[in-house]
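Here the structure comes first, spelled out in structure tokens, and everything after it is commentary.
The values are calculated or read from the model by the stated rules, or taken from the named source; none is laboratory data. In this text, all values refer to a predicted model and were calculated from it rather than measured experimentally. All Cβ positions, glycine included, derive from the backbone under ideal geometry; neighbour counts span all protein chains shown. Surface areas here come from the heavy atoms of the whole protein model, side chains and all, with no ligands, DNA or RNA. Shrake-Rupley method; radii C 1.70, N 1.55, O 1.52, S 1.80 Å.
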Amino acid sequence: MKRMIIAALSIVLFGSNAYTQETRKQEALFNKALVVYFSATGTTAGVAKKIAQVSGGELYEIVPQTPYTSDDLDWRNKQSRSSLEMGDPKSRPAIKGKKEHLSDYDVIFIGYPIWWNVAPTIVRTFIESHPLKGKTVIPFATSGSSGIENSVAQLKKDYPEIQWRGGRLLNSATEQTIREWVEKELKK
């Protein structure tokens, strides 16, 4: 009887140890992720927070030097700030701060709302002011009507030194959907 108890405990402990090692491997992988996002209205921020939560990655917000107002975001007004920025290929809105120590991260998720079928120009400010060459960058986006494909294609074309992944539109995505997508992306 004593041998059976010892054998059973060994199996439990060995199984537990294997589970713990696998969990640690998974956590180590996820902790090397950074979730960068720009959100003018809070929608993309909500998705970014879910990605950070399920990945265990650090959250970093791209904050404009001058916050956007609702008038700035009026896409129907050709003179609104967002219309002017998106109409000027050289526009790079100033951002507050800079994310230090990007070398600490293996994977960077970068999220944004789709504006005019592409990433807002402030995302380009972030990309151009941070050392992303050779980094794996996974885009995600939110949008009222556009897909993510054109924005990802444009980013890949304009920044070929970055190791882009396909990206995903995550409008109203559940935590489970995000978890499955993040796990798939981090295991590639």
Legend entry - Any pair with Cβ under 7 angstrom, 6 or more apart, that starts in region 167-188 at a residue that is on the phi < 0 side of the Ramachandran plot and ends at one that is in a loop (DSSP other than H, G, I, E, B) and open to solvent by 40 Å² or more (accessible area, probe 1.4 Å): GLU185/ARG165
Legend entry - SER151 within 16 Å of SER39 (Cβ to Cβ), open to solvent by 60 Å² or more (accessible area, probe 1.4 Å) and of a type in the set (Gly, Ala, Ser): no
Legend entry - Any chance GLU161 is charged (D, E, K, R) and either within 18 Å of VAL35 (Cβ to Cβ) or at pLDDT below 95 (or both): no
Inset, instruction - For region 66-82, state whether one or more residues are within 23 Å of SER145 (Cβ to Cβ), assigned to a helix (DSSP H, G or I), at pLDDT below 95 and not charged (D, E, K, R). - result: yes
Inset, instruction - Go through region 33-44 and give me each residue that's more than 14 Å from PRO120 (Cβ to Cβ) and either of a type in the set (Ser, Thr, Tyr) or surrounded by 18 or more Cβ atoms within 10 Å (Cβ to Cβ) (or both). - result: ALA33, LEU34, VAL35
Inset, instruction - Find all pairs meeting these conditions: Cβ atoms under 6 angstrom apart; at least six residues apart or on different chains; first residue within region 137-157 and within 16 Å of ARG124 (Cα to Cα) and among the hydroxyl-bearing types (Ser, Thr, Tyr); second residue open to solvent by 10 Å² or more (accessible area, probe 1.4 Å) and in a strand (DSSP E or B). - result: SER151/VAL118
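Residue-by-condition table, conditions (1) under 20 Å from LYS50 (Cα atoms); (2) open to solvent by 80 Å² or more (accessible area, probe 1.4 Å); (3) touching a Cys at 6+ places or on another chain (Cβ under 7 Å):
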{"position": "GLY97", "(1), (2), (3)": "no, no, no"}
{"position": "LEU102", "(1), (2), (3)": "no, no, no"}
{"position": "VAL107", "(1), (2), (3)": "yes, no, no"}
{"position": "ARG124", "(1), (2), (3)": "no, no, no"}
{"position": "ILE127", "(1), (2), (3)": "no, no, no"}
{"position": "LYS156", "(1), (2), (3)": "no, yes, no"}
{"position": "LEU170", "(1), (2), (3)": "yes, no, no"}
{"position": "ARG179", "(1), (2), (3)": "yes, no, no"}
{"position": "GLU185", "(1), (2), (3)": "yes, no, no"}
Legend entry - Among the residues listed as LYS49, LYS32, the single one being touching a strand residue (DSSP E or B) at 6+ places or on another chain (Cβ under 7 Å) and modelled with pLDDT of 95 or more: LYS49
Legend entry - Qualifying residue in region 148-162 (condition: assigned to a loop (DSSP other than H, G, I, E, B), in contact with a helix residue (DSSP H, G or I) (Cβ under 6 Å, 6 or more places away or on another chain) and not aromatic (Phe, Trp, Tyr)): no
